[in-house]
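First the structure, in the form of structure tokens, and then the observations on it.
The values are calculated or read from the model by the stated rules, or taken from the named source; none is laboratory data. Because the structure is predicted, anything quoted here is derived from the model rather than measured. Counting neighbours? That spans all protein chains shown, and the Cβs are built from the backbone with ideal geometry, glycine included.
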Amino acid sequence: MARLDSPQDIVEAALGAATTDGTVVIVTDRSEANLRWANSSLTTNGEMSSRSVTVIATNGSGGGASAGVVGRTVTDADAVRELVAEAEAAARAADPAPDAAPLVTPDQAGVGSDFALEPETTSVGAFAQVAADLGEAFAAGGPDRQHFGFAEQVVDSVYLGTSTGLRLRHVQPTGRLEMNAKNADWSASSYLAFTLRDPAEADVAAADADLARRLGWAERRLDLPAGRYETILPPTALADLLVEAYWESGARAADEGRSAYSGKLGERLSRLPLELFSDPTRPGLECAPFVLAAASTADTSVFDNGLPLPRQDVLAQGELVSLTGSRAYAASHETPIRLESDNLVLEAPGATGGLDDLVASTQRGLLLSTVWYVRVVDPQTLLLTGLTRDGVYLVEDGEVVGAVNNFRWNESPLDVLDRITEVGATERCYPREWGDYFTRAAMPPVRVSDFNMSSVSAAQ
Amino acid sequence: MPGVNAEFLALPLTTLADAALSRARELGAEYAALRVVSTRGQFLALQDLDLETSITSDDVGLAVRVVHDGCWGFAAGIVLSPEEAARLAERAVEVARASRPVSTERVVLADEPAYPDRQWSSPYETDPFDVPDAEKVATLLDLTERLKAGDGVAHTRTSFQAVRENVFYADLAGTSTTQTRVRIEPELTATAVDRSTGSFETMRTLAPPAAAGWEYVTSADTDLVGEIAEIPELLAAKIKAASVRAGDYDLVIDGSNLFLTIHESIGHATELDRVLGYEAAYAGTSFATFDKLGTFQYGSPVMNVTGDRDTDWGLASVGWDDEGVAGQHWDIVKDGILVGYQTDRAMAALKDLGRSNGAAYADSARHVPLQRMVNVSLQPDPEGGTLDDLVGQVENGIYVVGDKSWSIDMQRYNFQFTGQRFFAIENGRLSGQLRDVAYQATTTDFWRSMEAVGGPSTFYRGGALNCGKAQPGQVSPASHGTPAALFRGVRILNTVQEGGR
């Protein structure tokens, strides 16, 4: 453990030591740096590097193959040979895998040209400008606008090698800036967050100005009871609902009658011609253009590593056109299958205008900031519960007239899709609830009729 | 008992500590600690009889954390060499220096005695990683086949999680501790599908995650076989059960459900870092503000809640925490009054609370230790009754068993929970099951409505392996012991109506 070999050497050492029918090696070198602040002072900051190596050994061929999967922080080529031996022992002891399929070949994958390049890194120095801008925001806000938040940059350099000859590399920068401002007694709170590929994209001053504008809205405080309200969801809130809907859209569960999606393929889920899709080439949301699976799950397979990920539609013209599954599942079922991907986009063709335009055209309704603590209540309908957080505003005659109390809501995204009555232009957004797992989303602000605010929450 | 992991003890831990700490001292750190963490984890999942997921992983790394000129600094890496340990000490001091201009608070740590050269391990008999995978899978398959054979069980899902966490900690004050913790969670779920109506229901085993080894899966005390034998009939009754009428009900809540309500509405609400705003932009703050300490009526007078890191079965139990503080036991709510928080060393000093009660934890080397939830438990009434005694005090109510869905707001006021099964209570006796039930309340209304807690015979050792907090996100395990308890007038929702159907 006292030596750091290159990811490429780790991949080749593992493949060189392999003795079973197939081997997949994934090396992820992660470099990360972050700033965290509270009460207008930096708190826990850090700079970290780590590595995970996953060896997938397959035993047997085609549909009868078994797999053994072992992951470890491996720094040198000698240690990876032990890992290969463990994965192979696991594969030999295992029954045929339900998701078995021939490993992906270079012909299927297309050949990567950058495998030889070194891992990319970041450091706390990447946040020098953000830190300086935050210092100014802290000073400007004083006790009446206290700042809380988090800025992070994670750079994953992923190397994929297989016994079928794949040598692919993908560098994934994942960044975010989350800013929260509270008034002097913390009775009002505003929040904005941004999905960034690079900390240089951050505009702390502009965000601080918008946070201040929102705290201003909260200077007039109104109490509203539980009930169903016309509600404007900003992109982040819609993203949190639809990311959950996306994760729950597995083919096998639906085919077996144990999912809210059972029987829904081909159905129109929205009266508007909405397009919901993943696309690894989407500008600003670029993600791995091929499968990277360090473990098989209900709808993903280690056997599919390296398979290209094109644009894949979930909803086309508002109609559900596919469910998530592996290549093996697709081969043995008639269900139209998509592979799981790492970004999600909702668009209404031709839609224009932003959140302020939706507010301007609202007679009476609620404007949400974010949703929080979203959980499945009833899987039969995908009924979700959650809270509103960091600013619920009442809109009357096209203007925000004040802040109202928070609510607990109960809604299914599958029903919400059909109650969207107006859609703005799609923009990159940060899904707050799922941001630890999924950051790459682009959604429009939308107007939803009769959003079910189940009870009042006293949280501020 | 195997005790502290031998492989981990064989690493050059002291050499790494010397390299990191001497460099940090040279650079003027007021506090410096080296942690080396090696965590092995396994996750197995079976969908019906197919082994869907099988992954074993090892995460190894080292980190240096310093307080330098009143600022925290942190750096983490993976190469276990003295050179790297010294380099990380330098980087940590550099991060602290970079933070200085934008830090208005000065970090001071509460005092703690030094514990040189100590070892501790959680209780376990069989290291789950000493059991061949084939044996583990065969045991899980056997349990799954028993469940799947039940009448009306259309599908099953079985999961198994095991963790062995080794932590070495050494600081400038002379503390040096090496610890191993083992935890495990087997879980089986049956699904019934009614294709004619398009409806389905699930029911899951209630055996909680445990600070134990592989022996937990097969032990007679855990009794997975017994539990599995009862599930098909309970599930068949659930899918045929009447949909609940929404309204206010008296509830008898079993420990298998109440532990999670304790976790969310007491455990998180009494974390001092939340109270002070350190989690305000993420996990949230707390209604249980510092001015309420010692006077606030959290619940009814029968409510007594302790925090600890020293019960032998506790998932959060340790010998010393990740700041070198020894495991302790204290009151959080006494006779219904808020009397304590969970703290780390910086917050204990900041609020003049004396010694930290040792709640610091980091889930890996690459993450910063922070105040995490300890074992937070509701105490049974030593003279308290049985479950039947509690049910006997209810005319028209619901008995709630097993946890399922949970959600609570960012100040820990408004929560909503569902469960595995709900039985109507009519005239002091359990009746048939109800469907589509959720209970929703405000934390203090709920705990003040607690009329009685059950006796030791109703005690359940609940817990969770996946508690989330902090940015970057970290997971931590904690146990929650609790008796069954009786609550008056709690709001019950019908989840089908909530969905607008």
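Okay, here's what the table says:
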quantity: Residue among A:GLY306, A:GLY250, A:GLY318 that alone is crowded, with 19+ Cβ neighbours inside 10 Å, touching a residue at least 40 places away in the same chain (Cβ under 8 Å) and within 14 Å of chain B (Cβ to nearest Cβ); calculated: A:GLY250
quantity: Neighbours by Cβ (under 8 Å, 6+ apart or cross-chain): first from region B:69-88, closer than 12 Å to A:LEU4 by Cβ; second assigned to a helix (DSSP H, G or I) and at pLDDT 95 or above; calculated: B:GLY77/B:GLU84; B:GLY77/B:ARG87; B:GLY77/B:LEU88; B:LEU80/B:LEU16; B:SER81/B:LEU16; B:GLU83/B:ALA19
quantity: Of all residues making up region A:176-193, the number that are more than 12 Å from every other protein chain (Cβ to nearest Cβ) and in contact (Cβ under 8 Å) with a residue 40 or more places away in the chain; calculated: 2
quantity: Qualifying residues in region B:420-445 (those that are within 22 Å of the chain's Cα centre (by Cα) and surrounded by fewer than 22 Cβ atoms within 10 Å (Cβ to Cβ)) - the one farthest from B:LEU188 (Cα to Cα); calculated: B:THR444
quantity: A:ALA209 being more than 13 Å from every other protein chain (Cβ to nearest Cβ), outside any strand (DSSP E or B) and surrounded by fewer than 23 Cβ atoms within 10 Å (Cβ to Cβ); calculated: yes
quantity: Residue, farthest from the other protein chains (Cβ to nearest Cβ), within region A:59-80, restricted to residues that are in a strand (DSSP E or B) and either among the hydrophobic types (A, V, I, L, M, F, W, C) or out of contact with any helix residue (DSSP H, G or I) (no Cβ under 6 Å at 6 or more places or on another chain) (or both); calculated: A:ALA67
quantity: Restricting region A:376-392 to residues that are closer than 25 Å to A:SER278 by Cβ and assigned to a loop (DSSP other than H, G, I, E, B), the residue that is nearest to the other protein chains (Cβ to nearest Cβ); calculated: A:THR381
quantity: Residues of region A:20-39 satisfying the condition of being buried (at least 23 other Cβ atoms within 10 Å of the Cβ), facing another protein chain (nearest Cβ under 7 Å) and farther than 28 Å from B:ARG87 by Cβ; calculated: A:ALA38
quantity: Only listed residue being touching a residue at least 40 places away in the same chain (Cβ under 8 Å) and surrounded by 24 or more Cβ atoms within 10 Å (Cβ to Cβ), chosen from B:ARG355, B:ARG372; calculated: B:ARG372
quantity: Test for B:THR295: is it closer than 29 Å to A:ARG176 by Cα and assigned to a loop (DSSP other than H, G, I, E, B); calculated: no
quantity: Top-ranked residue of region A:91-131 - restricted to ones that are among the acidic types (Asp, Glu) and either touching a residue at least 40 places away in the same chain (Cβ under 8 Å) or touching a strand residue (DSSP E or B) at 6+ places or on another chain (Cβ under 8 Å) (or both), ranked as nearest to B:GLU52 (Cα to Cα); calculated: A:ASP99
quantity: Members of region B:236-259 found to be in a helix (DSSP H, G or I) and either over 29 Å from the mean Cα position of the chain (by Cα) or surrounded by fewer than 19 Cβ atoms within 10 Å (Cβ to Cβ) (or both), listed by number; calculated: B:ALA236, B:ALA237, B:ILE239, B:LYS240
quantity: Some residue of region A:431-441 being away from every other protein chain (no Cβ under 14 Å), assigned to a loop (DSSP other than H, G, I, E, B) and more than 17 Å from A:LEU192 (Cα to Cα); calculated: no
quantity: Condition check for A:LEU35: among the hydrophobic types (A, V, I, L, M, F, W, C) and not in a helix (DSSP H, G or I); calculated: yes
quantity: Test for A:THR381: is it more than 30 Å from B:THR442 (Cβ to Cβ) and among the β-branched types (Val, Ile, Thr); calculated: no
quantity: Contacts under 8 angstrom Cβ, first residue in region A:360-375 being away from every other protein chain (no Cβ under 14 Å) and over 27 Å from A:VAL243 (Cα atoms), partner modelled with pLDDT of 95 or more and not in a strand (DSSP E or B), 6 or more apart; calculated: A:ALA360/A:GLY398; A:SER361/A:GLY398; A:GLN363/A:ASP397; A:GLN363/A:GLY398; A:ARG364/A:ASP397
quantity: Flag if A:PRO102 is closer than 12 Å to A:THR23 by Cα and not in a strand (DSSP E or B); calculated: yes
quantity: Among residues of region A:40-56, those that are at the interface with chain B (Cβ under 7 Å from one of its Cβ atoms) and among the hydrophobic types (A, V, I, L, M, F, W, C), counted; calculated: 2
quantity: Those residues of region A:81-117 which are under 28 Å from the mean Cα position of the chain (by Cα) and away from chain B (no Cβ under 14 Å), in sequence order; calculated: A:ALA101, A:LEU103, A:VAL104, A:GLN108, A:ALA109, A:GLY110, A:VAL111, A:GLY112, A:SER113, A:ASP114, A:PHE115, A:LEU117
quantity: Pair list, Cβ < 9 Å and 6+ apart or interchain, from region B:142-156 residues that are without any contact (Cβ under 8 Å) to a residue 60 or more places away in the chain to residues that are small (Gly, Ala, Ser) and surrounded by 19 or more Cβ atoms within 10 Å (Cβ to Cβ); calculated: B:ALA154/B:ALA190; B:ALA154/B:ALA192
quantity: Extreme residue, farthest from the chain's Cα centre (by Cα), among residues of region B:35-91 that are facing chain A (nearest Cβ under 7 Å) and among the small types (Gly, Ala, Ser); calculated: B:SER81
quantity: Of all residues in region B:146-176 being within 19 Å of B:ASN5 (Cα to Cα) and hydroxyl-bearing (Ser, Thr, Tyr), the one that is surrounded by the fewest Cβ atoms within 10 Å (Cβ to Cβ); calculated: B:SER176
quantity: Residues located in region B:378-429, provided they are away from every other protein chain (no Cβ under 14 Å) and among the β-branched types (Val, Ile, Thr); calculated: B:THR386, B:VAL391, B:VAL394, B:ILE398, B:VAL400, B:VAL401, B:ILE425
quantity: Qualifying residue in region A:219-233 (condition: surrounded by 19 or more Cβ atoms within 10 Å (Cβ to Cβ), part of a loop (DSSP other than H, G, I, E, B) and not charged (D, E, K, R)); calculated: no
quantity: Of all residues in region B:482-501 being in contact (Cβ under 8 Å) with a residue 40 or more places away in the chain and of a type in the set (D, E, K, R), the one that is surrounded by the most Cβ atoms within 10 Å (Cβ to Cβ); calculated: B:GLU498
